[in-house]
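Shown next, in structure tokens, is the structure this report addresses.
The values are calculated or read from the model by the stated rules, or taken from the named source; none is laboratory data. For clarity, every value in this text was computed on a predicted model and none was experimentally measured. Cβ placement follows ideal geometry from the backbone for every residue including glycine, while neighbour counts extend to all protein chains displayed. Note: areas computed on protein heavy atoms with side chains; ligands, DNA, RNA excluded. Shrake-Rupley method; radii C 1.70, N 1.55, O 1.52, S 1.80 Å.
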Amino acid sequence: MAAISRDDVAHLAKLARISMNDSELDHLAEEMDLILGAVARVQEVAGRDVPPTSHPIPVKNVVREDLVRPSLTPQEALSGAPAQSEDRFKVPQILGEE
Amino acid sequence: MSQMVPMPLNYLNYDEAVAKYEPTLGLEVHVELNTKSKMFCSCSTEFGGEPNTQTCPVCLGLPGALPVVNGKAIESTILIGLALNCSIAPFSRFARKNYFYPDMPKNFQTSQYDEPICVNGYLDIEIATEEGPKQFRVEIERVHMEEDTGKSLHVGGATGRIHGAEYSLLDYNRAGIPLVEIVTKIVGGTGKYAPQVARAYVSELRDILRSLGVSDVKMEQGSMRCDVNVSLSPLDSGTLGTRSETKNVNSLRSVERAVIGEVIRQSNRLEAGERIVQETRHFLEESGQTRPGRSKEQAEDYRYFPEPDLVPVAPDSGWIEALRATLPERPSARRARLKAEWSVPDKEMTSLINAGLLDVVQETIELGAEPIRARSWWLGEISRLANERDVDPTTLITPTQVAEVISLIQNGDLTDNLARQVVEGVIAGAGRPSEVIAQRGLKVVSDDAALMLAIEAAIAAQPETAERIRGGNIPAAGALIGAVMKATGGQADAAKVRELLLKHLGQ
Ligand SMILES: [Zn+2]
């Protein structure tokens, strides 16, 4: 059984605000299903003694001192922005939220 | 409130609503920590900078940038947890909360999901009721760390300030400022006191956060924000109703009013046989009512997963105990101490606490004012003027100004009556007390010669009264003192007038 359906992909695309046509949805559903299948096989191998891992190296409590360092200039910060105005990032307005 | 719409005849008011329905609360408070640098990068958290002057590859979410958590922010969060009687998790992780909205440039907010750093605490609060003080325990579900979002400026469209093109302008200075979310468990059993319990909880929480020194806790400026969940169930039904969530309620008074507003709205919907929709609502400051937010097309679907760029936080007991040792006096203990130090009667203490005046009174006293005067000015005249204007007394005048006025009274430079005029002048924006006094010539007439002229004039106008006083009828002096006070425009010291008058008439 497919772990991820075409509807799931359509839902994710909507959440990610990416528009996708039918063939793209079909293609991605198939591809993501393969990826999830591969991951699921790894999960089968991991025994109860293996904790879920979110970081490749078992380190903890890596913290930074609360010190301020210089930030980028607005020009630098905005240099990669597709659009800008009044020293701000300019983006299409997203409706349905406030 | 639109007064034009006639209320239906069977419309329930608050008292009627809580006579039929049991309110249940849930409170989520977001607090910006007052660290110097952001949560995961070294950009400044300073408020009010020019747009996008406090950003870097980390808080802009540029590819390859790696976040490192601010140690002070973790310690502040543990302190909050300890002060709220929480257990501190021995192992805790950050998670990505994925959503695609431009207020976060990364397309996710770094937060905590199923492994928050503090869990299962409580906060005891007390409210004043007609049957005396009542205690409630508000249980805390979790305290977790996350980061604030950027600020959007909407241009054009229905909500924009300029019509025409529809776009948003983003300033990411605030994106990444450490934020702590404090979530209560379901708060039930409050009955009709739900609004006061909600307020007292947020108020006590604010006091604790302030005493810990971890946040500015300025609700009006957004460094502390409250989401209020309210649901109703028929009395004694033992069920839980559907809740609404009122977002970003930004004052203590609004927290109380938002609960009242929701209890009334929901009870009337239920009475009309309608169902309550689980939704986000916005609080309307003017009417105390709430309005629905725009409903999201999708149910919340944030696809949380552990943040792979940050390592787990695993505070050992040594670290936790060292932090516990720095916990300051609990606000409730402080109140008990101040009550004793100032010898305040129960009822007055309750009034001071409920009015949120404890801090300003303490500051006023620390600036040299006698406790009884500091209390009575804040609770009396200043509160009265604040009520007239429907604002918080502490926004009208500062403790420094009040202490200055009281010091002038203590030195005999102002009478209570003149002091009231000075306070009114300060509140009206006429400047500092000394400036108001100079502008309006509000000085006590303590010059004996000037007072004697007024006294002699009063005696000349009421010779019979003067005779009675000469004859030993001291209470009759009141009429002459009144006349002198009137003649001096209230600027004379009444005690001084009395003394001079009686002496002049051989008494
Ligand atoms: Zn940064």
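Determine the distance separating the Cα centre of segment B:71-93 from the Cα centre of segment B:45-67; give it in Å without decimals. Computed from Cα coordinates, the inter-centre distance equals 25 Å.
Return the subset of B:LYS97/B:LYS185; A:LYS90/B:LYS218; B:LYS72/B:LYS339; B:LYS38/B:LYS106 for which the Cα-Cα distance in this structure is over 27 Å, preserving the input order.
Working: B:LYS97/B:LYS185 22 Å; A:LYS90/B:LYS218 30 Å; B:LYS72/B:LYS339 34 Å; B:LYS38/B:LYS106 15 Å.
Cα-Cα > 27 Å for A:LYS90/B:LYS218; B:LYS72/B:LYS339; rest within.
Annotation for segment B:276-378: trypsin sites (Lys or Arg not before Pro) lying in DSSP loop with at most 16 further Cβ atoms inside 10 Å of their Cβ are B:ARG294, B:LYS296, B:ARG303. Across peptide B:368-380, the mean count of Cβ atoms from other chains lying within 10 Å of each residue's own Cβ comes to 0. The simple Förster model, with R0 at 51 Å and r as the Cβ-Cβ distance, assigns B:LEU453 and B:ASP124 a FRET efficiency of 0.25.
Averaging Cα coordinates gives a centre for segment B:177-242 and one for segment A:28-98; these two points are 31 Å apart. How charged is the neighbourhood of B:GLY64? Take every other residue with its Cβ under 15 Å from the Cβ of B:GLY64, and add Lys/Arg as +1 and Asp/Glu as -1. That sum, taken over residues with Cβ under 15 Å, equals 0.
Label chain B by shape, choosing from rounded, prolate and oblate, from the square roots a ≥ b ≥ c of the eigenvalues of the Cα gyration tensor; if a/c is under 1.5 it is rounded, and otherwise prolate applies when a/b is larger than b/c, oblate when it is not. It comes out prolate by the Cα gyration axes. Measuring r between the beta carbons of A:HIS27 and B:ARG440 and using R0 = 60 Å, the FRET efficiency lands at 0.15. Considering only alpha-carbon pairs that sit under 8 angstrom and 6 or more positions apart, the relative contact order computed for segment A:1-70 is 31 percent. Taking only the Cα atoms of segment B:22-103, the radius of gyration and Dmax are 16.0, 52 Å. Under 5 Å between amide hydrogens, built in the peptide plane, is the criterion, and for A:ARG64 it picks out B:VAL69, B:ASN70, B:GLY71 among residues at least 5 positions away or on other chains.
For chain B, the residue among B:VAL436, B:PHE108, B:ILE455 whose Cα projects farthest onto the positive side of the dipole built from Cβ charges is B:ILE455.
Apply the a/c threshold of 1.5 to the C-alpha gyration tensor of segment B:1-155 and tell me whether it is rounded, prolate or oblate. Don't skip to the answer; put the middle values down first.
Details: a/c = 2.58, a/b = 1.53, b/c = 1.69.
Oblate, since a/c reaches 1.5 and b/c is not below a/b.
Among B:TYR113, B:TYR304, B:TYR172, B:TYR99, the sequence by solvent-accessible area, most first, with a 1.4 Å probe is B:TYR113, B:TYR304, B:TYR99, B:TYR172. GNM remark for chain A: springs join alpha carbons under 10 Å apart, and the peak mean-square fluctuation among A:ILE18, A:ILE57, A:ILE35 falls on A:ILE57.
The rule of thumb for compact globular proteins, 2.2 N^0.38 Å, goes into the C-alpha radius of gyration of the protein assembly as shown 1.25 times.
The phi torsions of segment B:267-275, fed into the Karplus equation with coefficients 6.51, -1.76 and 1.60 and a -60° offset, translate into couplings of 4, 6, 5, 5, 4, 7, x, 8, 9 Hz, rounded to whole numbers, with Gly and Pro shown as x. Shown for the protein assembly as shown: cysteine residues without a partner Cβ closer than 4.7 Å, namely B:CYS41, B:CYS43, B:CYS56, B:CYS59, B:CYS226.
For segment B:201-277, what does the relative contact order come out to in percent, with C-alpha contacts under 8 Å and a separation of six or more? Could the numbers behind the result be given before it?
Details: 79 pairs, mean separation 19.6, N = 77.
In percent, rounded to a whole number, it is 25.
For peptide B:34-41, the mean count of partner chain Cβ atoms within 10 Å of a residue's Cβ comes to 3. The lysines within cross-link reach of B:LYS443, meaning a Cα-to-Cα straight distance under 30 Å and a gap of 8 or more places when in the same chain, are B:LYS486, B:LYS496, B:LYS503.
What is the magnitude of the charge dipole of chain B about its Cα centre, with +1 placed on the Cβ of each Lys and Arg, -1 on the Cβ of each Asp and Glu, and no other charges, expressed in debye to the nearest 20? All intermediate terms of the calculation are to be shown ahead of the outcome.
Working: 54 positive and 68 negative charges, 47 e Å.
For this selection, approximately 220 debye.
Our coupling estimate for segment B:110-117, obtained by passing each phi through the Karplus curve with A = 6.51, B = -1.76, C = 1.60 and θ = phi - 60°, is 7, 9, 10, 10, 8, 10, x, 6 Hz, Gly and Pro reported as x. Taking Lys and Arg as +1 and Asp and Glu as -1, the other residues whose beta-carbon sits under 15 Å from that of B:GLY176 total 0.
Using only DSSP helix segments of four residues or longer, with each worth -39500 (n - 2.57), what per-residue ellipticity at 222 nm results for the protein assembly as shown after dividing by its residue count and rounding to 500? Let's see the in-between values first.
Numbers: 20 runs with 225 residues, N = 605.
Dividing the helical sum by the residues of the protein assembly as shown leaves -11500 deg cm²/dmol.
Compared with the direct C-alpha span, the chain from B:ARG337 to B:LYS185 gains 51.7 nm at full extension, assuming 0.36 nm per residue.
Using the Cα centre of segment B:1-143 as the reference point, and only Cβ charges (+1 on K/R, -1 on D/E), how large is the resulting charge dipole? Debye, rounded to the nearest 20. Please list the in-between numbers first.
Values: 11 positive and 17 negative charges, 164 e Å.
Result for segment B:1-143 is approximately 780 debye, rounded to the nearest 20.
The calculated pair-distance distribution of segment B:448-504 uses every alpha carbon pair, bins of 5 angstrom beginning at 0, and gives 4, 23, 39, 23, 10, 1 percent. From the alpha carbon centroid of segment B:330-394 to that of segment B:245-286 is 31 Å.
First check a/c for segment B:143-241, with a ≥ b ≥ c the square roots of the eigenvalues of its C-alpha gyration tensor; if it is under 1.5, answer rounded, and if not, answer prolate when a/b is larger than b/c or oblate otherwise.
Taking the square roots of the gyration eigenvalues as a ≥ b ≥ c, segment B:143-241 is oblate.
For B:PHE305, the accessible area of its heavy atoms, probed at 1.4 Å with every protein chain present, is near 80 square angstrom. Placing unit charges on the Cβ atoms only, positive for Lys and Arg and negative for Asp and Glu, gives the protein assembly as shown a dipole magnitude near 980 debye about its Cα centre. Calculation over all alpha carbon pairs of chain A in 10 angstrom steps from 0 returns a P(r) of 11, 20, 21, 30, 17, 1 percent.
Summing charges over neighbours of B:LYS443, with a neighbour being any other residue whose Cβ is under 12 Å away from its Cβ, gives -2 when K and R count +1 and D and E count -1.
Using C-alpha pairs under 8 Å with a sequence gap of at least 6, the mean separation divided by the residue count of chain B gives a relative contact order of 14 percent.
In this simple spin-label approximation, A:ASP7 and B:ASP309 carry label points 7 Å from Cα along the Cα→Cβ vector, and these lie 3.5 nm apart.
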